[in-house]
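Structure record follows, encoded as structure tokens.
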Amino acid sequence: MPYNNHFIPYGRQWIDEEDIQAVVNVLRSDWLTQGPEIEKFENEIAAYCGARHAVVFNSGTSALHGAYAALGLGEGHEFITTPITFAATANAGVYLGAKPVFVDVEEETGNIDTSKIEAKITKKTKLIIPVHYAGHPVELFKINELAEKYDLFVVEDACHALGARYRRQEAKGKGQKADEDDWIRIGSCKHSDMTAFSFHPVKHITTGEGGAVTTNNRDFYERLLMFRSHGITKKHLLNEPDGDWYYEMQMQGYNYRMTDIQAALGKSQLIKLDSFVQKRRKIAGMYNKFFYGNPCFDVPGERGSSFSAYHLYPLRIKVKYKELKKAIVAGLKEKSIGTQVHYIPVYRHPFYREMGYEKGLCPVAEDFYAGELSIPMYPAMSDEDASAVISGVEQVFGKVCKL
């Protein structure tokens with residue numbers, strides 16, 4: 001379904017008649033929530049990712065909250081993550097009383113710099129949370145090695161990365177094409193304890209609002225199920241049941257449940273996920289062709305060990321032009337091209353400043369933020385839309401940067 005409005009936003013959903021019919025079918029059924037569509041959607045997510053279990057939530061934030069809680073993160077603990085992410089990555093740990101420790105990022109990918117993690121590990125560290133920024137996989141092998149060395153948990157924030165894959169750098173020689181079997185899907189949890197996803201409308205598939213956690217650990221799976229539903233269960237009871245109706249609240253939980261309406265939409269969207277990723281990669285290819293070597297900015301890189309899902313296409317404005325970003329954004333808006341900046345380093349938000357974090361904590365992240373500009377990237381874009389963005393970007397940068 002093409003986007004018919006003249007303005008081209010930086011991201012948006014793709015909804016077709018099959019999606020609409022899937023939702024209508026649920027509206028005409030006996031179940032609107034906590035019905036059969038939930039488990040079906042969970043099974044299909046797990047199968048797609050190659051994980052044993054999946055638990056869906058009402059948002060990506062609640063999915064992260066559930067994952068951290070299932071691992072026992074709490075008061076007196078620290079967790080390591082990146083400042084170049086949406087605030088929810090850190091917030092979900094703060095909800096539990098834990099302290100975020102921010103590690104600087106790589107200039108090329110915006111991902112956490114794995115070479116700087118070990119220096120931030122202390123006796124209080126319990127968890128590492130890498131974020132697959134813009135859909136480009138983090139170096140999970142290195143993070144997994146650190147987690148095993150220091151007995152830490154790993155939760156992947158893959159809210160940008162459904163459909164992405166990774167492999168060992170040395171799996172194939174230089175110039176050789178990787179076999180399909182070399183690739184590991186993000187969400188398989190082969191090198192982490194859990195992976196969290198978001199189904200917000202600008203993400204790879206949408207349920208309106210929604211999220212999910214995948215895991216291969218049965219105990220974590222059971223805790224996730226309880227956490228999203230008030231901490232209540234009818235399984236593994238601690239007291240003698242009073243009857244068939246009996247249930248127990250065994251932990252503090254929340255009402256983080258997804259509805260069957262959302263799950264039905266998600267199932268329908270999941271069928272199209274690979275085509276959505278393919279379209280995103282096609283648009284990235286068009287951008288790369290025209291933008292590579294631009295004197296004003298760098299384009300996002302993709303390592304040979306990574307298959308990016310391209311949630312975002314982040315331009316990185318070069319140092320001498322960073323102060324012109326406001327004018328560039330305004331110029332693109334005049335041409336009906338939407339942009340966004342991903343992200344303000346988390347520790348720079350007033351809430352975190354009040355906690356004692358200072359501006360300049362992660363210098364590379366500061367520079368990344370100063371130069372980053374996300375241009376339109378979503379599967380509903382037509383080739384004409386992409387061409388309009390290419391033309392607009394070249395014209396505005398050329399004019400503002402006085403080339």
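Which aspartates and glutamates, on any chain, are close to Lys402 with Cα under 12 Å apart, when same-chain ones fewer than 8 places away are left out?
Filter leaves Glu394.
I'd like the orientation of helix 260-271 relative to the chain: the angle between its Cα long axis and the longest Cα principal axis, in ° from 0 to 90, rounded to 10.
50
For the pairs Lys203/Lys282; Lys335/Lys359; Lys320/Lys399; Lys326/Lys359; Lys320/Lys359; Lys99/Lys120, note any where the Cα-Cα span goes beyond 24 Å.
Lys335/Lys359
Please give every one of the lysines within straight-line cross-link reach of Lys116, meaning a C-alpha to C-alpha distance under 16 Å, and leave out same-chain neighbours fewer than 8 residues apart.
Straight-line reach from Lys116, under 16 Å: Lys142, Lys149.
Going by alpha carbons, how many degrees (0 to 90, nearest 10) lie between the helix axis of 140-150 and the longest principal axis of the chain?
Helix 140-150 sits roughly 50 degrees off the main axis of the chain.
Sequence neighbours fewer than 8 away in the same chain don't count; with that in mind, list the lysines whose C-alpha is under 17 Å from Lys40.
Lys267, Lys272
Using only alpha carbons, build the gyration tensor for the chain and give me the equivalent ellipsoid semi-axes, biggest first, whole Å.
Ellipsoid half-lengths, sorted descending, are 35, 26, 20 Å.
Using modelled amide H (1.01 Å from N, peptide plane; none on Pro or chain starts), what sits under 5 Å from the amide H of Ile375, excluding residues fewer than 5 places away?
The answer is Tyr313, Leu315.
Which angle from 0 to 90°, rounded to the nearest 10, does the C-alpha axis of helix 383-400 make with the longest principal axis of the chain?
Approximately 60 degrees, to the nearest ten.
Over the chain, calculate the relative contact order: mean separation of alpha carbon pairs under 8 Å at least 6 apart, over the residue count, as a percent.
Rounded, it is 23 percent for the chain.
Calculate, for Leu238 and Asn288, the FRET efficiency according to 1/(1 + (r/R0)^6) with r their C-beta to C-beta distance and R0 41 Å; round to the nearest 0.05.
According to the calculation, E is roughly 0.10.
At 37 °C and 0.692 mPa s, grab the translational diffusion coefficient of region 284-403 from Stokes-Einstein with a Kirkwood Rh over Cα pairs, rounded to a whole number in µm² per second.
In µm²/s, the coefficient is 212.
First check a/c for region 87-219, with a ≥ b ≥ c the square roots of the eigenvalues of its C-alpha gyration tensor; if it is under 1.5, answer rounded, and if not, answer prolate when a/b is larger than b/c or oblate otherwise.
Since a/c reaches 1.5 but b/c is at least a/b, the shape of region 87-219 is classed as oblate.
Taking 0.36 nm per intervening residue step and subtracting the Cα-Cα distance, what contour gain separates Lys399 from Leu96 on full extension?
104.2 nm
Tell me, what is a quarter of the convex hull surface for the C-alpha atoms of region 12-79, in nm² with one decimal?
If you wrap the Cα atoms of region 12-79 in a convex hull and average its projections, you get 7.0 nm².
Okay, helix-only estimate at 222 nm for the chain: each DSSP H run of n ≥ 4 adds -39500 (n - 2.57), divide by all residues, round to 500 deg cm²/dmol; what do you get?
Theoretical 222 nm ellipticity from helices: -10500 deg cm²/dmol.
Hey, what do the phi angles of region 295-300 turn into as Karplus ³J(HN,Hα) couplings, whole Hz, using 6.51/-1.76/1.60 and θ = phi - 60°, x for Gly and Pro?
These are the phi-based 3J(HN,Hα) values: x, 9, 7, 9, 9, x Hz.
Throughout, read-outs are computed from the coordinates displayed, never taken from laboratory work. Please read these numbers as outputs of a predicted model, since none were measured by experiment. Using ideal geometry, Cβ is built from the backbone for each residue, glycine included, and neighbour counts are taken over all protein chains shown.
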